[in-house]
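A.B. asks: Take a look at the following structure, please.
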Amino acid sequence: MTHKQPSLFPEMYQGVATPKPVNVASIPQRSPFRYPGGKTWFVPTFRAWISSIYTKPQVLVEPFAGGGIISLTALFERLVDRVVMVELDEDIAAVWTTVVDGNAKWLAKRILEFDLTKESVIKEISRSDVDVKEKAFQTILKNRTFHGGILAEGSGFLKYGENGKGIRSRWYPGTLARRFNDLAFVAESIEFRQEDGIAVIHEYSKDRNAVFFIDPPYTAGGKKAGKRLYHHCDLDHEKLFAACKTIRGDFLMTYDNAEEVKTMARAHGFQMRLIPMNNTHHATMEELVIGKELSWMDQYPAVHEPKAEYKTKKVPTKRSSGRATARR
Ligand SMILES: C[S@@+](CC[C@H](N)C(=O)[O-])C[C@H]1O[C@@H](n2cnc3c(N)ncnc32)[C@H](O)[C@@H]1O
């Protein structure tokens, strides 16, 4: 996979202020989820990456799909022909399976017809003998009424929410229904797999027409952040980096800016850039972008490599070899 010509004058960017975090309100929200660690803010960078690739990629593989904003954007904006979305979480899987099975419109109608109160939500989500469509509905309910959209155990209901509207503060039935109705238009171009993302990377790694957007849970080096957000957070990060090394096409990976991650990226000869983003508390932080060739990201600061330590072989001087050195 070749990239378009990188900037001939990358030094022109030097001295230019680092780009500001993306205003997510300017990005079309295609995902029905409010997802912890969601990558809506990454959409402009994703678009820039795809357009830097010389030949339009046919397939996008997203091995840690979550709310799927990147895959959905790629389809709606026709950046690729099809996507393979992979996610282990069974609640999330129920939603993507329902969409792919052709039941997105059913889900839209179910949402519109539901009268949401705390009691009706509790009654609905405590039903266990449900089919995949109803499980998908339960997932959307939990995602919209639990604190932070977090589906992992231990998350409680929204207490005060926006405008003191409590449990209803993130329930926008009209908007959600529209998103599912829109998803019905691209459903045929989605392949969904409830499998291990690393295994699916290996499956597609030899395909030169495949590109990968890789956004794993941020748990490298025992980091806790990713642990309380997802049911599935135990990942062998070394194994993930080794899988990326086998990719023939191109990939882009996002991670937290952690030393353990940078060490693995360096060990595999990948490039890194730092990109600003606003977290849920509106604080600006930097995340790592990792890839094979990131010259199209010249406006972002590169991660500086530690200074190499040079060991010089001690050459015996005349003095050290015992011979007298003549003074000139
Ligand atoms: C950082 S989130 C992805 C967020 C996503 N990019 C978005 O914009 O919504 C990581 C996701 O990976 C999933 N996951 C964790 N381990 C996995 C594995 N081995 N295979 C597939 N998915 C996995 C988690 O359930 C979580 O949804």
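Bear in mind that the values in this text are calculations on the coordinates, not laboratory data. Computed from a predicted structure; not experimentally measured. Here the Cβ is made from the backbone with ideal geometry for all residues, glycine too, and neighbour counts use every protein chain on show.
A.B. asks: Quick one: which of Lys20/Lys142; Lys142/Lys227; Lys39/Lys245; Lys239/Lys262 span more than 26 angstrom between C-alpha atoms?
C.D. replies: Lys20/Lys142
A.B. asks: Pop out the ³J(HN,Hα) list for the range 90-104 in order, Karplus 6.51 cos²θ - 1.76 cosθ + 1.60 with θ = phi - 60°, rounded to Hz; leave Gly and Pro as x.
C.D. replies: Here the 3J(HN,Hα) series is 6, 5, 5, 4, 4, 5, 5, 5, 4, 5, 5, 6, x, 10, 5 Hz.
A.B. asks: Same structure again: Whole-Hz ³J(HN,Hα) for each residue in the range 207-217, computed from phi via Karplus 6.51 cos²θ - 1.76 cosθ + 1.60 with θ = phi - 60°, x for glycine and proline: what do you get?
C.D. replies: Coupling constants for the range 207-217: 7, 5, 8, 9, 10, 10, 10, 10, 10, x, x Hz.
A.B. asks: Show me the ranking of peptides 192-199, 51-58, 256-263 by mean Cβ neighbours inside 10 Å, starting with the highest.
C.D. replies: 192-199, 256-263, 51-58
A.B. asks: Continuing with this model, one more query. Based on other C-beta atoms within 10 Å, arrange Thr2, Thr98 from fewest to most.
C.D. replies: Final ranking by Cβ density, sparse to dense: Thr2, Thr98.
A.B. asks: Calculate one ³J(HN,Hα) per residue across the range 31-37 by plugging θ = phi - 60° into the Karplus curve 6.51 cos²θ - 1.76 cosθ + 1.60, and present them in order as whole Hz with x for glycine and proline.
C.D. replies: 7, x, 9, 9, 10, x, x
A.B. asks: Largest first and in whole Å, give the semi-axes of the range 18-297's equivalent ellipsoid, each being the square root of 5 times a Cα gyration tensor eigenvalue.
C.D. replies: 31, 21, 18
A.B. asks: Cα gyration tensor of the range 81-205, axes a ≥ b ≥ c as square roots of the eigenvalues: rounded (a/c below 1.5), prolate (a/b > b/c) or oblate?
C.D. replies: It comes out prolate by the Cα gyration axes.
A.B. asks: Which order do the peptides 132-145, 165-178 come out in when sorted by mean C-beta neighbours inside 10 angstrom, highest first?
C.D. replies: Going from most to least packed, we get 132-145, 165-178.
A.B. asks: How would you order 237-243, 210-216 from highest to lowest mean count of nearby Cβ atoms within 10 Å?
C.D. replies: Averaged packing, sorted descending, gives the order 210-216, 237-243.
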